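Trainee: Take a look at the following structure, please.
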Amino acid sequence: MDTVRAARYPFLRDSAKLAEDNGADVESLVSSESYAQARSRGLERVLDALENSEVSYRPLMSDFDRLMEIMSYPYARIIVSCINDRFLTKRYALAESVRMNKLLGSDEDKTVAFVANELGVNASADGNGLRMHFGDYLRFSTRIKSPEWKLINTEVHDGYVVLAKEKFDRVLQNALQDRIESELPLSVPEAFISSMRSDIDHISVILSETKSRYSPTGGGPIDLDFMPPCMKAILSQAHNGMNLPHSARFALVSFLHALGMDSTQILALFAESPDFDESKSSYQIRHITGELSGTEGYTPPECSTMKTNGICFNDDNLCRSEHMNHPLTYYRVKSGTSRRQG
Ligand code: SF4
């Protein structure tokens, strides 16, 4: 078995086999002193995800280092599962997959094809480069928007897309990200949670700081004065009893939710409309905010979509500045400028 490969890519079946051959199990991992290094590295994996969006690399000199690296992976996944926060899970999945992408860059084609197969991707390396079945290519590349990634712009032979290594690795990054997101959260026994309490609490604190940093309001209170002109216009139309098109209602609710308002607070804003229908509005709002489906809800549309939908109202000078492409960016810039002036 290639133990370095098993440690570099700890999601492989070889990695699980290596752990098993060494008598490593999850119970010892969370509690035994022998696995302190794996726990500390597991914690580091999650911190790296939150702070750098990429899991860092550690040298794998000895068999012991490799075993600890492999066991750090389930430890990180258990921490993420215990916290069970969608933002954290997505960020962790991205950070692990970015790390894999970088490592693949320095590995040979046959290793890359091996990792691809382990991720369930139908692929091969035949001495003339890397190929991936077009079905898998489509499945994992559609979210990459630039035209060069469209299937029509690739070279396809016998149902396989011929890809430069860099692009092949990028598609695998999406495959690993999807896999981790679909596998988490794991079900974690209560006894494990108690043993891991300080690591879970530590990550929870960093998570909430990171979320505040990313929040359009910077974690501060929401000030509707900083809303972009489009959202102010839509809100004013609602207050005046005008019949809002679905796209406008959707844009406003998802925008307010992204600022941090919950369904009840948004409903209270709509309640000022003369034709307010509480049960209908409540259903629509709870659908958009994800409360009905137990998800994070929808992302508000960017300026180009607002323009296409004819709801980019009263754009001002800030709207016309070079980097303005999203109503949330408008809010961030406006509130940041105001804070600096204050
Ligand atoms: S440019 Fe963007 S932020 Fe400004 S009004 Fe139009 S949609 Fe809103």
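Trainee: Helix 246-259 versus the longest principal axis of the chain: what is the Cα-based angle in degrees, 0 to 90, to the nearest 10?
Mentor: Once rounded, the angle reads 60 degrees.
Trainee: Whole angstrom only: what separates the Cα centroid of region 99-168 from the Cα centroid of region 242-298?
Mentor: Taking the Cα centre of each part, region 99-168 and region 242-298 sit 41 Å apart.
Trainee: Then there's this: How much FRET efficiency would the formula 1/(1 + (r/R0)^6) give for N243 and E322, where r is the Cβ-Cβ distance and R0 is 41 Å, rounded to 0.05?
Mentor: Rounded to the nearest 0.05, the efficiency is 0.70.
Trainee: Shape verdict for region 133-283, please, from the Cα gyration tensor: rounded (a/c under 1.5), prolate (a/b greater than b/c) or oblate.
Mentor: Oblate shape, in that a/c is at least 1.5 and b/c is the bigger or equal ratio.
Trainee: Nothing charged except the Cβ atoms of Lys and Arg (+1) and of Asp and Glu (-1): what's the magnitude of the dipole of region 224-341 about its Cα centre? Round to the nearest 20 debye.
Mentor: 340 debye
Trainee: In addition: Evaluate the charge dipole of the chain about its Cα centre and quote only its size in Debye, nearest 20, assuming +1 on the Cβ of each Lys and Arg and -1 on the Cβ of each Asp and Glu.
Mentor: 840 debye
Trainee: Along Cα→Cβ, 7 Å out, is where each label goes; now give me the distance between the ones at L224 and W149 in nm to one decimal.
Mentor: 3.8 nm
Trainee: Mind listing which chymotrypsin sites (Phe, Trp or Tyr not before Pro) in region 29-113 are in a DSSP loop and have 12 or fewer other Cβ atoms within 10 Å?
Mentor: For chymotrypsin sites (Phe, Trp or Tyr not before Pro) across region 29-113 that sit outside H, G, I, E and B with at most 12 neighbouring Cβ atoms in 10 Å, the list reads Y57.
Trainee: If you don't mind, another one. What trypsin sites (Lys or Arg not before Pro) does region 241-323 have in DSSP loop regions with at most 11 other beta carbons within 10 Å?
Mentor: The qualifying sites are R320.
Trainee: Among F192, Q284, S106, whose Cα projects farthest towards the positive end of the dipole of the chain, with charges put on the beta-carbon of Lys, Arg (+1) and Asp, Glu (-1)?
Mentor: Towards the positive end, the residue furthest out is Q284.
Trainee: Can you tell me the orientation of helix 165-183 relative to the chain, as the angle in degrees between its alpha-carbon axis and the longest Cα principal axis, to the nearest 10?
Mentor: The angle comes out near 80 degrees.
Trainee: Using alpha carbons only, how many degrees (0 to 90, rounded to 10) separate the axis of helix 327-341 from the longest principal axis of the chain?
Mentor: Approximately 80 degrees, to the nearest ten.
Trainee: If the viscosity is 1.306 mPa s and the temperature 10 °C, what translational diffusion coefficient in µm²/s does Stokes-Einstein give for region 224-341 when Rh comes from Kirkwood over Cα pairs?
Mentor: 109 µm²/s
Trainee: Report the label-to-label distance for L292 and F313 in nanometres (one decimal), using points 7 Å from each Cα along the Cα→Cβ vector.
Mentor: 2.5 nm
Trainee: Which parts of region 45-69 would a label at S32 reach, counting a residue when its backbone N lies under 13 Å from a point 7 Å out along Cα-to-Cβ?
Mentor: What the label zone holds, given the 13 Å backbone N cut-off, is 68.
Trainee: Normalised by the number of residues in the chain, what is the relative contact order in percent for Cα pairs under 8 Å and 6+ residues apart?
Mentor: It comes to 14 percent, rounded to a whole number.
Trainee: So for the chain, taking the charge dipole from beta-carbon charges (+1 Lys/Arg, -1 Asp/Glu), which of L252, I311, A116 sits furthest toward the positive end?
Mentor: Selected residue: I311.
Trainee: Then there's this: Starting from the exponent 0.38 and prefactor 2.2 Å, build the expected Rg for the chain from its residue count and divide its actual Cα Rg by it.
Mentor: Compactness ratio reported: 1.19.
Trainee: Given the DSSP H assignment, sum -39500 (n - 2.57) over each helix run of at least 4 residues in the chain and divide by its residue total; what's the result at 222 nm in deg cm²/dmol, nearest 500?
Mentor: Rounded to the nearest 500, the figure is -18500 deg cm²/dmol.
Bear in mind these aren't lab numbers, they're just calculated from the coordinates by the rules spelled out. Everything numeric in this text was worked out from a predicted model, so none of it was measured. For neighbour counting, all protein chains shown are included, and Cβ atoms are generated from backbone atoms with ideal geometry for every residue, glycine included.
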